[in-house]
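Data first, discussion second: the structure below is written as structure tokens.
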Amino acid sequence: MSHLPRSGFGYDVHRYGGVRPLVLGGLPINCGICVDAHSDGDVLLHALIDALLGCICAGDIGELFPDTDPALENIASGVLLAEVLERCRAAGFTPMHADLTIIAEVPRISPHRRAITANLAKLLRLDPSCVNVKAGSEERLGFTGEKKGIKAYALVSGFLRVAGKDADHDAD
Ligand code: MG
């Protein structure tokens, strides 16, 4: 049995102006901004989900949870994340670290950053010291700079349990 390092990258965008009040990392952000989305539109959890799917080479969020599925309308993205974490567990992948970046002109993320980090750590069952949330703007350039939407990036690292004689690191 070996434990091989894996990392996965995720990226997501949501447009402002829809009907879903802004949620980031599973936490409602009380700022009067709504996003356009089929689910709850949690851009940060969507990027995180894609990063986790990358770690187990299991496609992407749109493939797994199509926005044409009426059962997923306004679904909390935490529910989707829980399903993806279960897939990771079944595939033998254990997340160890997550590094995420939110890009938005509005709202200001810094007042919420600590709470978002703590909630992500709870959802991932990681110590908060293993989760990092960064925030930035794009200097009033592009769609985030024009306050038309929000984007997020996520990178997850961890270990994949692999059986077989070819996997000869950390034999146990
Ligand atoms: Mg999305």
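A few points about this structure:
- Residue match in region 79-94 (condition: open to solvent by less than 70 Å² (accessible area, probe 1.4 Å), touching a His at 6+ places or on another chain (Cβ under 7 Å) and within 15 Å of the ligand (Cβ to nearest atom)): no
- Remark: pairs (first residue in region 147-158, in a strand (DSSP E or B); second residue among the acidic types (Asp, Glu); Cβ separation under 6 Å; 6+ apart in sequence or on different chains) = ALA152/ASP12; LEU155/ASP99.
- Qualifying positions in region 38-63 - under 16 Å from ALA90 (Cβ atoms) and within 12 Å of the ligand (Cβ to nearest atom): ILE49
- Restricting attention to region 75-89, the residues being out of contact with any Ser or Thr (no Cβ under 7 Å at 6 or more places or on another chain) and of a type in the set (S, T, N, Q) number 0.
- Within region 42-49, not a single residue is under 20 Å from ALA98 (Cβ atoms) and loosely packed, with under 15 Cβ neighbours inside 10 Å.
- The one condition in (1) within 14 Å of the ligand (Cβ to nearest atom); (2) open to solvent by 30 Å² or more (accessible area, probe 1.4 Å); (3) farther than 20 Å from LEU155 by Cβ that TYR11 fails to fulfil: (3)
The values are calculated or read from the model by the stated rules, or taken from the named source; none is laboratory data. Model, not experiment: these values are computed from the prediction. All Cβ positions, glycine included, derive from the backbone under ideal geometry; neighbour counts span all protein chains shown. Protein only, heavy atoms only, side chains kept; ligands, DNA and RNA dropped before computing areas. Shrake-Rupley method; radii C 1.70, N 1.55, O 1.52, S 1.80 Å.
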